[in-house]
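Since the structure comes first, as structure tokens, the remarks are kept for the end.
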Amino acid sequence: MPKITREEILAVFRRLVARYGLDRVTMKELAREAGVSVGTIYRHFENKEALVSSIEETWLGHVRARNSQILEREGAAEPKLYDLVVVHAARLSEIVRTDQAVFEMLVGSVRLRYIDHDVVDTRRRILDEMSTAAATILAEGTAQGDLDVSDPSDAAHHFVEAFAEYFSPNAIVSRPHARVVEGLEGMFEFLMRGIRAR
């Protein structure tokens with residue numbers, strides 16, 4: 001059997017679960033697709049739960065990195081908030097329509113046959129990460145005089161929660177992508193009217 005790295009196994013697993021979903025891909029199928037023995041998979045990952053956790057952590061790492069890039073940018077707060085919430089949710093709308101694993105992870109508390117406990121609520125973790133970043137942006141915007149927010153942490157929580165439905169796969173796929181984007185932009189403008197400095 002050829003040598004294979006942990007990252008290569010994850011890449012194969014990611015490709016399979018995107019197509020078939022988290023529950024339908026077995027370790028045996030993963031090994032066959034990767035061209036290795038099942039034992040080789042288990043040398044790198046204790047069980048399927050470890051594989052799912054690894055792709056979830058990788059994905060959350062991408063979210064954190066993206067949020068950091070937005071926070072590090074110079075400029076006004078409003079475009080940063082737009083990118084943090086609207087651009088992210090619009091991209092997610094495209095992804096969940098073609099990636100079964102992302103869809104299942106965002107549904108939250110999905111019980112999977114081959115995993116001993118409920119899948120972590122990835123959606124909640126993403127919204128919490130976004131709230132933290134939004135609080136920083138709202139504080140900056142208030143300091144710059146562009147926004148009027150007395151409690152950035154509380155405002156960020158409510159701001160991000162207003163978009164929660166746009167991070168729910170069932171709500172996303174119930175309407176065309178263009179309608180999702182239209183709704184995101186409308187909600188953003190509605191919320192910004194309440195916090196722009198007058």
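Before moving on, here are some points about what is shown:
- The chain - mean residue ellipticity at 222 nm from DSSP helices (-39,500 (n - 2.57) per run, n ≥ 4, rounded to 500): -21000 deg cm²/dmol
- Karplus 3J(HN,Hα) series, Hz, for the range 190-198 with 6.51 cos²θ - 1.76 cosθ + 1.60 (x for Gly, Pro): 4, 5, 5, 4, x, 10, 5, 5, 9
- Amide H partners (placed H, <5 Å) of L147, local residues excluded: T142, A197
- Within the chain, longest stretch clear of exposed GluC sites (Glu not before Pro) (DSSP loop, no more than 13 other Cβ within 10 Å): 75-198
- Rounded to whole numbers, the Karplus 3J(HN,Hα) couplings from phi for the range 65-72 are 5, 5, 4, 4, 4, 5, 5, 6 Hz, using 6.51 cos²θ - 1.76 cosθ + 1.60 with θ = phi - 60°, and x at Gly and Pro.
Read the figures in this text as sums done on the coordinates, not as results from a lab. A quick note: this is a predicted structure, and the numbers were derived from the prediction, not measured. Ideal geometry is used to build each Cβ from the backbone, glycine not excepted, and the neighbour counts take in all protein chains shown.
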